[in-house]
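The values are calculated or read from the model by the stated rules, or taken from the named source; none is laboratory data. Remember, it's a predicted structure, so these values are computed and weren't measured experimentally. We place every Cβ from the backbone using ideal geometry, glycine too, and count neighbours over all the protein chains shown. Protein only, heavy atoms only, side chains kept; ligands, DNA and RNA dropped before computing areas. Shrake-Rupley method; radii C 1.70, N 1.55, O 1.52, S 1.80 Å.
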Amino acid sequence: MPVDCKALGLKCGIEIHQQLEGEKLFCRCPTAIREDLPHFVVKRRLHAVAGESGQVDIAALAEMRKNRHFIYEGYQDTTCLVELDETPPLPVSPANLHAALQAALLLHAKPVDDLRVMRKTVVDGSNTSGFQRTALVGLDGWIETSAGRVRIPTVILEEDSCRIIREEPDAASYRLDRLGIPLLEIGTAPDITSPAHCLETAEKLGLLLRSTGRVKRGLGTIRQDINVSIAGGVRVEIKGAQELRLLPKLVEQEALRQHALLGLRDELKRLRIPAPPPVATAEGVSRTLADLTPHFRKTSSKLILRALQHKGCMLGVRLQGMAGLLGRELQPGRRLGTELSDHAKVAAGVGGLFHSDEALGKYGITPEETAAVRKELACDSHDAFLMVADTPDRARRALDAAIARLRQAFQGVPAEVRKANDDGTTSYLRPMPGAARMYPETDIPPVPVTRELLASITLPEGIEHRSQRYQKLGLDKDLAEFAAKHERSALFDAFTRQFPGLKPAYIAEVLFATERALRREGVERKRTDEDYAALLAALERGDIAKEAVLDILREQQPVVQALSRYRTLPDAALRDAIKAIVQANPGVPLNALIGRAMESLRGKAPGKRIVEELRRLVPG
Ligand SMILES: [Zn+2]
């Protein structure tokens, strides 16, 4: 059943992070992502520090609890000491600023008077400095969509973070190549009203950014985060949607999840179920936490045995009146129990937790063990329980996090950052960052955005505009749209001027459609600008027939060299060749003759000329 997002009071905003091509933002290293082995590794530990406001960020604390160290991998020739945070950053790259202002103007945003770089606390280790540098470029822009204007309050230029390579419970490995790549962050107001509208807005923003010709292309070069809330819910941020087509599903599933959480809250209230007390209290650990280890000394569950053998224990807690609620589905295949488990994993690095609404037999836990646990925890038939097997510290932190999340269920929807899963569901990533996250970057002087600077920026033609212009040149809609987005669109424009004897639509066929046709045959060949220029010049002069184009492009050599073998026959030679074919096939009807002549003269003469000659020789 389709979800009525309007009835749920859906509000959605999108935040796009688009990498720019060229040089990095605060050093002059190239924006190269590499897959070869790194040249060096550096090991570090990070500490959360209070910003100038004196507050330690709540997200920072969540990360610090995990108590990890970080490994950074770099390259001698494409990363430098700036990425390692061992030398101060260089001033903002003028080329990057230019591109960012260009995007801001395209989005109808008002450029700032001064570009001021700020620091934003980042403590997951993905920035060697412990902060991300970010600068506001433009304000109060908008983009037109089929459902009206979507406002764009801010256009921001910032540095990308390191790439995560490996993640282990106590360590994370990052690659420095991505750190410092300029990112344009474009955030919309919550003006998006439906899942389909979210996709449309994201597509329009992507096209507009691509029209600048300054953005990186390919997988991972653009990332979309979405913010979703429904009436009575709260804003939840969903990160890491790599594929545009997943956006509508993510929006819809999040609306449903919030709806389910609100329903759960009302039910808890109606059933007068008390919230479980927090695990961590001012006096230490709550007495509700029970050590269940003795009941599992002789367990046949390999999972639990392994944990107990590694100085582990089994801790558990009773959840009064909650039997059945942990199995409540919030998104397809994801239950409240899954949610608690995710919080435990993130907070304590445990593998997960057990709860009484799941089939514990699948972990090798016997009904006798379950009964012993229920007895120890004093659970009656209305009660549920949670258990974790790990070291005492981890198990305690895991249950602390799970109970904290469960307590939020009594309020409704918690404000948090979630991760997009491939099936359109989401899982918990971290708490919503607090507001005390920005403070000025004193190493980098502000850049005045002068009238001269703004005047030097020429706005590129928007891709939509270009597509319409191509349609006026006679390209059909599909080809025009394809050509307008294509990296060779500027070349196409140049060729239409260079070869006035050829129809623009035909030039577009040659430039854009042939490659697709050959790829379908399995021929993967990148042709150069010169190849296409030589091909079109020969076509305009009439040296080769249109029918020869694909054959020439199939050749394993430059077009200039291949051309000689495809020259059209001079009229006299063509006439002789056709005469010979007619004489060799006495009595064969015209249509069959046309087929044979086309076959043997393919690419050597225009098809039209072959048919003309045959008709003269063989009266139909
Ligand atoms: Zn560098």
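The table below lists the values:
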| quantity | calculated |
| --- | --- |
| Criterion (assigned to a helix (DSSP H, G or I), acidic (Asp, Glu) and under 32 Å from the mean Cα position of the chain (by Cα)) met by exactly one of Glu515, Glu487 | Glu515 |
| Within region 61-152, strands (runs of 3 or more DSSP E) holding 3 or more residues that are within 16 Å of the ligand (Cβ to nearest atom) | 69-74 |
| So Gly324, is it open to solvent by 40 Å² or more (accessible area, probe 1.4 Å), on the phi > 0 side of the Ramachandran plot and modelled with pLDDT under 95 | yes |
| Residue in region 559-579 that is open to solvent by 50 Å² or more (accessible area, probe 1.4 Å), within 42 Å of the chain's Cα centre (by Cα) and modelled with pLDDT of 85 or more present | yes |
| One residue from Ala508, Ala592, Ala584, Ala548 being at pLDDT 85 or above and touching a Leu at 6+ places or on another chain (Cβ under 6 Å) | Ala508 |
| All positions within region 132-172 that are among the polar types (S, T, N, Q), more than 19 Å from the chain's Cα centre (by Cα) and modelled with pLDDT of 95 or more | Thr134, Thr154 |
| Checking Asp266 against (1) free of Cβ contacts under 8 Å to residues at least 24 places away in the same chain; (2) of a type outside the set (S, T, N, Q); (3) in a loop (DSSP other than H, G, I, E, B), the condition it does not meet | (3) |
| Of all residues making up region 434-478, the number that are out of contact with any Asp or Glu (no Cβ under 7 Å at 6 or more places or on another chain), open to solvent by less than 30 Å² (accessible area, probe 1.4 Å) and not in a loop (DSSP other than H, G, I, E, B) | 2 |
| Residue list for region 565-596, filter: assigned to a helix (DSSP H, G or I), under 14 Å from Ala545 (Cβ atoms) and out of contact with any helix residue (DSSP H, G or I) (no Cβ under 7 Å at 6 or more places or on another chain) | Arg565, Asp571, Ala573 |
| Region 3-30 residues that are without any contact (Cβ under 8 Å) to a residue 60 or more places away in the chain and within 16 Å of the ligand (Cβ to nearest atom), paired with ones that are among the basic types (Lys, Arg) and assigned to a loop (DSSP other than H, G, I, E, B) (beta carbon under 8 Å, 6 or more apart) | Pro30/Lys24 |
| Residues that are crowded, with 18+ Cβ neighbours inside 10 Å and within 24 Å of the chain's Cα centre (by Cα), drawn from region 224-245 | Gln224, Asp225, Ile226, Asn227, Val228, Ser229, Ile230, Val236, Glu237, Ile238, Ala241 |
| Subset of region 67-110 [of a type in the set (Phe, Trp, Tyr) and buried (at least 21 other Cβ atoms within 10 Å of the Cβ)] | Tyr72 |
| Residue within region 583-597 that is surrounded by fewer than 15 Cβ atoms within 10 Å (Cβ to Cβ) and within 17 Å of Arg541 (Cβ to Cβ) present | no |
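Results for (1) surrounded by fewer than 17 Cβ atoms within 10 Å (Cβ to Cβ); (2) in contact (Cβ under 8 Å) with a residue 60 or more places away in the chain; (3) farther than 30 Å from Gly462 by Cα; (4) out of contact with any helix residue (DSSP H, G or I) (no Cβ under 7 Å at 6 or more places or on another chain), shown as yes or no for each residue.
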{"position": "Pro500", "(1), (2), (3), (4)": "yes, no, no, yes"}
{"position": "Lys503", "(1), (2), (3), (4)": "yes, no, no, yes"}
{"position": "Ala508", "(1), (2), (3), (4)": "no, no, no, no"}
{"position": "Ala533", "(1), (2), (3), (4)": "no, no, no, yes"}
{"position": "Leu536", "(1), (2), (3), (4)": "no, no, no, no"}
{"position": "Gly542", "(1), (2), (3), (4)": "yes, no, yes, yes"}
{"position": "Leu553", "(1), (2), (3), (4)": "no, no, yes, no"}
